[in-house]
Amino acid sequence: MASRSVNKVILVGHLGRDAETKFTPSGSSLTKFSVATNRRVKDQQSGEWKDETDWTNVVLWKAENVANYLTKGKQVYVEGRLQTRNYDDKDGKKVYATEVVAEEVILLSGGRGEGVGPGAGPDDEMSRPQRSAPPARSAGAGPTAVPAAPEHGFDAGITDDDVPF
């Protein structure tokens, strides 16, 4: 038997609320947000299709400036690991919380109400990360928000001195 295991989660969905960033006593930032993912299922009795939404809580360590960009309704790609932790509430009852600890967060251009217009189809929304997305980092992880590859020849070696205005 192999001793390896895999704990990997990938979500593409919409933010349910604005992200909130807090700081630990040691100064590390912790950003929390929720992601809604939808799926269509067929009702067994009526035969009609209906949408179901799953809500997933996400935590992101050491990304203090990313909360300004993670606002309600934005479409986001999240990659990380599943973690369950427990704690005792005010009444001494043990509470379990399962969440995704994000290692990579990328804003997608297909937020609600965005990307509408000629040539903006659903395939385009999923494949283009927003260029203005700040890099998000997690403890011990390398760079995580990978900028989109420039279109052929676009921005190839151009500096501010080359712009005529």
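Quick notes on this structure:
- Pairs beyond 22 Å (Cα-Cα), from K8/K42; K22/K93; K8/K32; K22/K62; K8/K90: K8/K42; K22/K93; K8/K90
- Pairwise centroid distance, computed over Cα atoms, of segment 1-20 with segment 81-96, Å: 19
- The length gained on full extension between K22 and R4, counted as 0.36 nm times the residue separation minus their Cα-Cα distance, comes to 3.1 nm.
Any read-out appearing in this document is the output of simple, stated calculations on the displayed coordinates, not a laboratory observation. Since this is a predicted model, take the numbers as computed values, not measurements.
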